[in-house]
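Okay, so here's the structure we're looking at.
The values are calculated or read from the model by the stated rules, or taken from the named source; none is laboratory data. Only a predicted model underlies this, so the values are computations on that prediction, with no experimental measurement involved. Here the Cβ positions follow ideal geometry from the backbone for every residue, glycine too, while neighbour counts run over all protein chains shown.
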Amino acid sequence: MSDEQPNGLLVEGDGEQELADGGAIDEYDLTASPNDFNVMTINSFIESGSIQIPGFQRNYVWDIKKASKLIESLILGLPVPQLFLYEAARNKFLVIDGQQRMMSIYYFIKKRFPRKEKRSELRKIFAENERIPEKILEDDAYFQPFKLSLPNRSDDTKSIFHGMNYATLGDYKPQFDLRPIRNIVVKQNSPKDDDSSVYEIFNRLNSGGVNLRPQEIRGCLYHSAFYEMIAQLNYSEKWRRIIRQDNPDLHMKDAELLLRCFAMADEYRGYKPSLAKFLNGYSKKARNFKTADIRRKQEKIEGFFDKIANDVDLDVFVSDGSRRFNIFLLESVYAVYCNEGIDLQRIETKSLDEVIHDDDFRKACLAGTTNTANVIQRFDVTRLHLVGE
């Protein structure tokens, strides 16, 4: 089990139930091969980038006691859960299940343990650098020394490893370095040009203490320059003010909201359920977006957020009688703005309040919220109030 705690982003219509809609995978030719990499091999793969544990996927959530128990188990040769990797390309593996264990090993070898209050910031640093720079690892504001913190034994004596770090393991160091860990490498053999089954593989095979959520899986599968832009935008002060959350969401709900805005603005007239498949398809296309196109998208949405954050009463985005942020309203307004060429000055509290209290808009937000008719209905109502036709 994880010591992870939810960090409070409540969203009206976040679409997470659509995980149940996944696709069939029996038409794909897949192989799953067992391997036994030792600890140092796994660490070298992480260092070289062969095994990718992206900072945009999820914060590191274990506490030092849980990480210490894993290290002790490896030193003693006790069984530990196997790892699942997806072979995306030659010598390139994506982590399906095992991120917390791998990062615990990595941090122990580095002799540094991340401070809990800095983990969201470290995720940003990792996303920007594809690693944690040495100067950050050495900064006590971000990390503390990683000395094993182990509970007393049944006879109330301390474990002999309590207080040790990687450098002070002594004769136990080779034992730890060479300890094999079973890992299962999943590979899609065919069809070669369709990786849609991988989303379902991640969903089914992620068997750790806290399963990955839809956007976390997308973060692994569809990482691109466009996704890097979303990661950067997610730290925008205006965006965080709009959604009323100071820090990034642990399960990347906030990043998914940004993705929804972009996807609906570009393709809502071609929308077909499920929402998960729609966002997956858009994320796959986004891997081929040109740098100039990504920059234009970023500038457009930043201008939109600047208008919303500075000139609109943000209470309009909070559903009546709850703390839930209404993504239906935000994505509808942004899509109409992008597609109708309206002046930003027409987006004001009064017009948004008219949208949110329109009976047809409200009905389209109550049931079957991600079916095509209701999605189009919300956009049509929004256009009526903002454009007048």
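Within the stretch 309-349, being more than 18 Å from TRP239 (Cβ to Cβ) and either surrounded by 12 or more Cβ atoms within 10 Å (Cβ to Cβ) or modelled with pLDDT of 95 or more (or both) holds for SER319, VAL336, ASN339, GLU340, ILE342, ARG346, GLU348, THR349. Taken across the stretch 377-385, residues that are modelled with pLDDT under 95 and hydroxyl-bearing (Ser, Thr, Tyr) do not occur at all. Select from the stretch 222-231 the residues that are outside any loop (DSSP other than H, G, I, E, B) and either touching a residue at least 60 places away in the same chain (Cβ under 8 Å) or over 19 Å from PHE304 (Cα atoms) (or both) and list them in ascending order. Scanning the stretch 222-231 gives ALA225, PHE226, TYR227, GLU228, MET229, ALA231.
Of all residues in the stretch 158-169, those that are loosely packed, with under 12 Cβ neighbours inside 10 Å and either at pLDDT 95 or above or in contact with a Ser or Thr (Cβ under 7 Å, 6 or more places away or on another chain) (or both) total 1. Candidates GLU128, GLU121, GLU87: the one that is among the acidic types (Asp, Glu), surrounded by fewer than 21 Cβ atoms within 10 Å (Cβ to Cβ) and touching a helix residue (DSSP H, G or I) at 6+ places or on another chain (Cβ under 9 Å) is GLU128. GLY219 meets each of the listed conditions (1) at pLDDT below 95; (2) assigned to a helix (DSSP H, G or I); (3) surrounded by fewer than 20 Cβ atoms within 10 Å (Cβ to Cβ) apart from (3). Please work out which residue is nearest to ARG119 (Cα to Cα), limiting yourself to the stretch 249-273 and to residues that are in contact with a Leu (Cβ under 9 Å, 6 or more places away or on another chain) and not in a helix (DSSP H, G or I). Looking at the filtered set, the residue picked out is LEU250. Take ALA335 and tell me if it is over 23 Å from LYS297 (Cα atoms) and in contact with a helix residue (DSSP H, G or I) (Cβ under 6 Å, 6 or more places away or on another chain). The answer is no for ALA335.
For the stretch 311-324, does any single residue satisfy the condition of being assigned to a helix (DSSP H, G or I) and in contact (Cβ under 8 Å) with a residue 60 or more places away in the chain? Yes, the stretch 311-324 contains at least one residue that is assigned to a helix (DSSP H, G or I) and in contact (Cβ under 8 Å) with a residue 60 or more places away in the chain.
Among the residues of the stretch 245-294, those that are without any contact (Cβ under 8 Å) to a residue 24 or more places away in the chain and buried (at least 18 other Cβ atoms within 10 Å of the Cβ) comprise ALA263, PHE278, TYR282. Note on the stretch 44-67: residues that are under 19 Å from ALA88 (Cα atoms) and at pLDDT 70 or above amount to 9. Residues that are over 15 Å from ASN38 (Cα atoms) and in contact with a Phe, Trp or Tyr (Cβ under 7 Å, 6 or more places away or on another chain) within the stretch 86-107 comprise TYR86, GLU87, PHE93, LEU94, ILE96, ASP97, GLN100, TYR107, listed in sequence order.
Select from the stretch 69-85 the residues that are touching a Phe, Trp or Tyr at 6+ places or on another chain (Cβ under 7 Å) and closer than 23 Å to GLY219 by Cα and list them in ascending order.
The answer is LEU85, and nothing else.
The listed residues are ILE327, ILE301, and the only one of them that is touching a strand residue (DSSP E or B) at 6+ places or on another chain (Cβ under 6 Å), in the same structural domain as CYS220 (by TED's automatic domain parsing) and closer than 21 Å to PHE226 by Cβ turns out to be ILE327.
Of the residues making up the stretch 330-360, those that are under 30 Å from the mean Cα position of the chain (by Cα) and more than 19 Å from ALA276 (Cα to Cα) are VAL333, TYR334, VAL336, TYR337, CYS338, ASN339, LEU352, ILE356.
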